[in-house]
Amino acid sequence: MGDTCDDGQMGPCLDEDYGLTQPAAEFDTRTGHRVHHAPASPPSPQLDPAALGGDLSPSSSSSMTTKELQEYWQGVKSREKPVKLLFEIPSARIVEQPLCRYVMYQIVVIKSGSYDAKQVTIERRYSDFERLQQTLLRDFSEELEEVSFPRKRLTSNFAQESIDERRVAFRDYLARLYALRCVRHSPAFLAFFTEPELRQAHVCLRGGKYARALELLLPALNLQEKLAQHCPALLVPALCAALVCHRDLEDSASAFAMGERALALVRRLRRHKYRCPLLAMLIDLGYELGRPIAQLQEELTQARDAQRGPVSQLSLKELVVQEFA
């Protein structure tokens, strides 16, 4: 997906918020070996002039009241502290098919600490959890030594008591995984919650079913916002896919809004394969909506001039369609 976010030294594998256990394992991209780092002391918070939406110069800080300074530092700390998530599995259902029978578990991801108006429910079956566990074990076997995976029984797997026990066990399993920073920042963990719906959305998009694609994309985006706080640029492909859907549904205003969200994330990276196609689409939409586009045109020219090697001629829609091809 173009440039990826470099999480740098992940620090302790289990965050201070959840209880410190062991150093995180990382990968040296040059040697391919795992490297362990000792826990480091957290850096002291730096003043962020935009933390509360304004500047904090020496003159302005000296004129601030004690209450205003306290509110400022609370704002800085809240920006630095990641949002905690809770995982609930409130129910499960048995799916009967001609050749198979299985249980689907309903998973709700909730942002803790305040009312979460964007709760999203997804469904996963036992084999999905099992696939996640196997993938994580390949990269984090040491970190997962204390994380137990719910096992199937030899009999009575479809008994209500067994389903309820496994439902609670899977809830605790996800919470334990999320507590490990190295795991929750891994592509496999994010993919477990979003990839099935994103793949289905792209199938709908390629087939011209844009309304159905949006029904799948928007909840997946809500999940990505919660789960990819360490690397918000991971939202860019889904945001651009939603832009394309809105555009083809002739909702230019919503398409432009999605594009602005994506561009804000793309601008954080020096190079990104979505930059030029996204800017070109925003220029078209801005012209259609009567928005100022001079800055976007200048940015597109600079981005094209800065490209090295062959310049891709793909449109944003073509790039989006290729994402899960």
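Being within 28 Å of residue 201 (Cβ to Cβ) and under 28 Å from the mean Cα position of the chain (by Cα) is the filter here, so list the residues in the stretch 285-312 that pass it.
Let us first name the residues in the stretch 285-312 that are within 28 Å of residue 201 (Cβ to Cβ), namely 285-289, 291, 296, 300, 303, 312.
Those that are within 28 Å of residue 201 (Cβ to Cβ) and under 28 Å from the mean Cα position of the chain (by Cα): 285, 286, 296, 300, 303, 312.
Would you list the helices (runs of 4 or more DSSP H) that sit entirely within the stretch 221-296 and hold 3 or more residues that are closer than 27 Å to residue 110 by Cα?
Numbers: elements: 236-248, 252-266, 275-289.
Filter on the stretch 221-296 gives 236-248, 252-266.
All but one of (1) in contact with a Lys or Arg (Cβ under 9 Å, 6 or more places away or on another chain); (2) part of a loop (DSSP other than H, G, I, E, B); (3) at pLDDT 95 or above; (4) buried (at least 16 other Cβ atoms within 10 Å of the Cβ) hold for residue 132; which doesn't?
Going through the list (1) in contact with a Lys or Arg (Cβ under 9 Å, 6 or more places away or on another chain); (2) part of a loop (DSSP other than H, G, I, E, B); (3) at pLDDT 95 or above; (4) buried (at least 16 other Cβ atoms within 10 Å of the Cβ), residue 132 breaks only (2).
Can you find a residue that is surrounded by fewer than 22 Cβ atoms within 10 Å (Cβ to Cβ), closer than 30 Å to residue 196 by Cβ and either modelled with pLDDT of 95 or more or not hydroxyl-bearing (Ser, Thr, Tyr) (or both) anywhere in the stretch 277-291?
First pass over the stretch 277-291, keeping only residues surrounded by fewer than 22 Cβ atoms within 10 Å (Cβ to Cβ): 277, 280, 283-284, 286-291.
Pick out the ones that are also closer than 30 Å to residue 196 by Cβ and you get 277.
Then keep just the ones that are either modelled with pLDDT of 95 or more or not hydroxyl-bearing (Ser, Thr, Tyr) (or both); that gives 277.
Checked the stretch 277-291: at least one residue is surrounded by fewer than 22 Cβ atoms within 10 Å (Cβ to Cβ), closer than 30 Å to residue 196 by Cβ and either modelled with pLDDT of 95 or more or not hydroxyl-bearing (Ser, Thr, Tyr) (or both).
Return only the number of the condition from (1) outside the structural domain of residue 274 (by TED's automatic domain parsing); (2) crowded, with 18+ Cβ neighbours inside 10 Å; (3) closer than 20 Å to residue 86 by Cα that residue 172 does not satisfy.
For residue 172, the exception is condition (2).
Pick out, from the stretch 159-208, the helices (runs of 4 or more DSSP H) lying fully within it that include 3 or more residues that are over 13 Å from residue 227 (Cβ atoms) and over 16 Å from the mean Cα position of the chain (by Cα). Spell out how you get there, then give the answer.
Working: elements: 160-179, 181-184, 187-206.
The helices (runs of 4 or more DSSP H) meeting that bar are 160-179, 187-206.
Would you be able to tell me the number of residues in the stretch 297-325 that are more than 20 Å from residue 253 (Cα to Cα), in a helix (DSSP H, G or I) and not basic (Lys, Arg)? Give the derivation first.
Taking the stretch 297-325 as the starting set, the residues that turn out to be more than 20 Å from residue 253 (Cα to Cα) are 298-314, 318-319, 321-325.
Restricting the remaining residues to those that are in a helix (DSSP H, G or I) gives 298-306, 318-319, 321-322.
Still in the running and not basic (Lys, Arg): 298-303, 305-306, 318-319, 321-322.
Going through the stretch 297-325 one residue at a time, the tally reaches 12.
Would you be able to say whether some residue in the stretch 139-155 is surrounded by 14 or more Cβ atoms within 10 Å (Cβ to Cβ) and of a type in the set (Lys, Arg)?
Checked against the condition, which is being surrounded by 14 or more Cβ atoms within 10 Å (Cβ to Cβ) and of a type in the set (Lys, Arg), the stretch 139-155 yields no hits at all.
Would you mind finding the one in 153, 124 that is farther than 29 Å from residue 221 by Cβ and in contact with a helix residue (DSSP H, G or I) (Cβ under 9 Å, 6 or more places away or on another chain)? Before you say what the answer is, go through the steps one by one.
Details: 124 fails: farther than 29 Å from residue 221 by Cβ.
The unique qualifying residue is 153.
The values are calculated or read from the model by the stated rules, or taken from the named source; none is laboratory data. Values in this document were obtained by computation on a predicted structure and should not be read as measured data. No Cβ is skipped: glycine too gets one built from the backbone with ideal geometry, and neighbour counts run over all protein chains shown.
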